[in-house]
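Chemist: Before I ask anything, here is the structure I am working with.
The values are calculated or read from the model by the stated rules, or taken from the named source; none is laboratory data. Predicted model only: the values in this text are computed from it and were never measured. Neighbour counts are summed over all protein chains in view; Cβ atoms, including those assigned to glycine, are modelled from backbone coordinates with ideal geometry. When the accessible area is computed, the model is the full protein with side chains, heavy atoms only, and any ligands, DNA or RNA have been set aside. Shrake-Rupley method; radii C 1.70, N 1.55, O 1.52, S 1.80 Å.
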Amino acid sequence: MAECLPSTSKIFGEPGTSSQQPNASSTLGMDISALTDKATKSAQRRPAMTDYADAIGSLEEELASEGLRRRVPWDSLSIGSDVPGLHDVKDLLEGDDASDLVSEDDGVGCPLPSTPVEQGLLECEIAEVLKAGVLMDEIDLGALAHNAVGQAEEFVRKVMASWKVCHFHHLPKWLQDNDFLKTGHRPPLNSFKACFSSIFRVHTETGNIWTHLLGCVMFIGIAAYFLSTPAMELPPWDKAVFGVFFAGAITCLGLSFAYHTVHCHSELVGKLFSKLDYCGIAMLIIGSFVPWLYYSFYCQFSAKLIYLSVVIVLGISSIVVSMWDRFGEPKYRPVRAGVFMGFGLSGVVPAFHYAISEGWFKALSQASLGWLILMGCLYILGAMFYALRVPERFFPGKCDIWFQSHQIFHVLVIAAAFVHYHGISEMAMYRMTIGECAAQNPAMAF
């Protein structure tokens, strides 16, 4: 590029001769740095523009207003044009020394120093300058990151602090259940999303929610593993019997989790899920009876049918009682505990029947009567904690969040369910070991 440029003294004359008369070539060849400075200053005086085409148009108008002329194409100039120094430039271009300035046939030539070949190039350069200025002056990545962090913190704060726990006396009547729990209660939330989000907050129902939620998940996993056993190892009837137990346990724990999560939604929703919770307890008792009666009276079809029928009738009766609106009121807490305790204790009758007919040793070794007794004791103990509201009765306000009676009841229910699962598993293993009954009609297998 340097070798194709003529000497500046030939074009513009000596430095001492140009002070009296303006030089047209210097005007036409204005350095792009001057335009850049003008563009930067103009961008600082005006608001930031996102449309670079508008910015270029505005810049050209401002340059014109300040007396700066745009480049005039050579073809539009004539010898008679009133442009100072035009004759000198024309003579110089026609001479042998300036032949390099003339465009050749292939369109490649040397422009004047720092002068764009065409208007598009000038616009492109100005756009790049403006774009760089916008990026440097208006986009602060550190500030953007700081604002993003602040917005995230504000969002978390709003979600986590959208409601506050309150005192027992500030609750509406339909949420006042245990007056020994003084503080940490959820207010009415009126939103299922808020109710389910509350499982990650600490309040009086946190322990009740998570104990049965985790228990439900564990039984779902055990059921999936057990029922996926090949038919060669576990016959279909045995899978069906265990399936009834798993269905009862998962239903009970799942409905209990749902009730303790959404009962603060509204009075209508609270009553509905309260009834479903009691139905789940009845389903667990039924599901616990079915496999034990099935394996204990495996070879006694009549006794097995009678006891299963009685259990189903008692279970349906418990569900019907649970549908009574006043059954869920706090003052009927002992009645609720009594109903389900009586339902569970009805299993004493078939247990004594088996022990008397088969012997106590066989009942303990083959019918897992010991595990059945342990399961019953755990259920009864949990129901007593629930009905008497111990230990918060003796320490009001001290067990508001943890170690309240309902949480202890939940833990004992899960423990009893696992104990029963272990007992009926041993009964199933014993039955598969000794084989079928000696004189059994295949049609009467169940």
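Chemist: Just checking, which of S266, S288 is polar (S, T, N, Q), crowded, with 23+ Cβ neighbours inside 10 Å and either in contact with a Phe, Trp or Tyr (Cβ under 9 Å, 6 or more places away or on another chain) or closer than 28 Å to L171 by Cα (or both)?
Modeler: Within the list S266, S288, the selection yields S288.
Chemist: Picking from M384, M375, which residue would you name as being within 24 Å of V313 (Cα to Cα) and either at pLDDT 90 or above or part of a loop (DSSP other than H, G, I, E, B) (or both)?
Modeler: Being within 24 Å of V313 (Cα to Cα) and either at pLDDT 90 or above or part of a loop (DSSP other than H, G, I, E, B) (or both) holds for just one of M384, M375, which is M375.
Chemist: Let me ask something else about it. If I ask for residues that are within 27 Å of T433 (Cβ to Cβ) and either of a type in the set (S, T, Y) or touching a residue at least 12 places away in the same chain (Cβ under 8 Å) (or both), which ones from segment 374-420 would you list?
Modeler: L374, M375, G376, A416, A417, V419, H420, listed by residue number.
Chemist: Still on this structure, I have one more. What do you reckon, is C279 touching a residue at least 12 places away in the same chain (Cβ under 8 Å), assigned to a helix (DSSP H, G or I) and either open to solvent by 40 Å² or more (accessible area, probe 1.4 Å) or closer than 22 Å to C216 by Cα (or both)?
Modeler: Values: touching a residue at least 12 places away in the same chain (Cβ under 8 Å): yes; assigned to a helix (DSSP H, G or I): yes; either open to solvent by 40 Å² or more (accessible area, probe 1.4 Å) or closer than 22 Å to C216 by Cα (or both): yes.
Considered against the rule, which asks whether it is touching a residue at least 12 places away in the same chain (Cβ under 8 Å), assigned to a helix (DSSP H, G or I) and either open to solvent by 40 Å² or more (accessible area, probe 1.4 Å) or closer than 22 Å to C216 by Cα (or both), C279 comes out as yes.
Chemist: For segment 359-416, how many residues are of a type in the set (G, A, S) and under 29 Å from Y298 (Cα atoms)?
Modeler: Residues in segment 359-416 being of a type in the set (G, A, S) and under 29 Å from Y298 (Cα atoms): 9 in total.
Chemist: Within segment 324-335, is even one residue in contact with a Leu (Cβ under 7 Å, 6 or more places away or on another chain), assigned to a helix (DSSP H, G or I) and not hydroxyl-bearing (S, T, Y)?
Modeler: No - not one qualifying residue is present in segment 324-335.
Chemist: If you don't mind, another one. Here are some conditions: (1) farther than 26 Å from L227 by Cα; (2) open to solvent by 50 Å² or more (accessible area, probe 1.4 Å); (3) outside any helix (DSSP H, G or I). E436 meets all but one. Which one does it not meet?
Modeler: (1)
Chemist: Looking only at residues that are among the aromatic types (F, W, Y) and over 17 Å from L284 (Cβ atoms) in segment 316-346, which one is least open to solvent (accessible area, probe 1.4 Å)?
Modeler: Going residue by residue through segment 316-346, those that are among the aromatic types (F, W, Y) are 324, 327, 332, 340, 343.
From what's left, over 17 Å from L284 (Cβ atoms): 324, 327, 332.
Values: W324: 122, F327: 2, Y332: 48 Å².
Of everything passing the filter in segment 316-346, F327 is least open to solvent (accessible area, probe 1.4 Å).
Chemist: Related question: Does at least one position in segment 321-339 carry a residue that is at pLDDT below 95 and over 26 Å from F409 (Cα atoms)? First the steps, then the outcome.
Modeler: The first filter runs over segment 321-339 and keeps only residues at pLDDT below 95, leaving 321-339.
Filter once more, keeping what is over 26 Å from F409 (Cα atoms): none.
Within segment 321-339, not a single residue is at pLDDT below 95 and over 26 Å from F409 (Cα atoms).
Chemist: Does M427 satisfy the criteria of being open to solvent by less than 30 Å² (accessible area, probe 1.4 Å), modelled with pLDDT under 95 and part of a helix (DSSP H, G or I)?
Modeler: Judged against the criteria, M427 is a match.
Chemist: Still on this model: Looking at S274, S309 in this structure, which one is among the hydroxyl-bearing types (S, T, Y) and either buried (at least 19 other Cβ atoms within 10 Å of the Cβ) or closer than 22 Å to A383 by Cα (or both)? Write out each step before concluding.
Modeler: Numbers: S309 fails: either buried (at least 19 other Cβ atoms within 10 Å of the Cβ) or closer than 22 Å to A383 by Cα (or both).
Going through S274, S309 in turn, just one is among the hydroxyl-bearing types (S, T, Y) and either buried (at least 19 other Cβ atoms within 10 Å of the Cβ) or closer than 22 Å to A383 by Cα (or both): S274.
Chemist: So, one more: Within segment 164-185, does at least one residue satisfy the condition of being at pLDDT 95 or above, farther than 19 Å from S405 by Cα and polar (S, T, N, Q)?
Modeler: no
Chemist: Quick test of your reading of the structure: Q366 fulfils all but one of (1) open to solvent by 20 Å² or more (accessible area, probe 1.4 Å); (2) more than 24 Å from M283 (Cα to Cα); (3) free of Cβ contacts under 8 Å to residues at least 40 places away in the same chain; (4) more than 39 Å from the chain's Cα centre (by Cα). Name the failing condition by number.
Modeler: Unmet for Q366, out of (1) open to solvent by 20 Å² or more (accessible area, probe 1.4 Å); (2) more than 24 Å from M283 (Cα to Cα); (3) free of Cβ contacts under 8 Å to residues at least 40 places away in the same chain; (4) more than 39 Å from the chain's Cα centre (by Cα): (3).
Chemist: So which pairs qualify, if the first residue must be in segment 320-340 and under 12 Å from K271 (Cα atoms), the second must be open to solvent by 80 Å² or more (accessible area, probe 1.4 Å) and β-branched (V, I, T), the Cβ gap must be under 6 Å, and the two must be at least 6 apart or on different chains?
Modeler: From residues that are under 12 Å from K271 (Cα atoms), there are no pairs.
Chemist: Condition first: aliphatic (A, V, I, L, M), more than 20 Å from F352 (Cβ to Cβ) and in contact with a Lys or Arg (Cβ under 7 Å, 6 or more places away or on another chain). Now tell me which residues in segment 278-335 satisfy that.
Modeler: If the condition is that a residue be aliphatic (A, V, I, L, M), more than 20 Å from F352 (Cβ to Cβ) and in contact with a Lys or Arg (Cβ under 7 Å, 6 or more places away or on another chain), then M323 is the only one that fits.
Chemist: Out of everything in segment 387-422 that is modelled with pLDDT under 95 and assigned to a helix (DSSP H, G or I), what residue ends up being least open to solvent (accessible area, probe 1.4 Å)?
Modeler: Of everything passing the filter in segment 387-422, A387 is least open to solvent (accessible area, probe 1.4 Å).
Chemist: Follow-up question, since we're still on this one. When segment 224-249 is examined, which residues are found to be more than 13 Å from A417 (Cα to Cα), open to solvent by less than 40 Å² (accessible area, probe 1.4 Å) and assigned to a helix (DSSP H, G or I)?
Modeler: F226, D238, V241, G243
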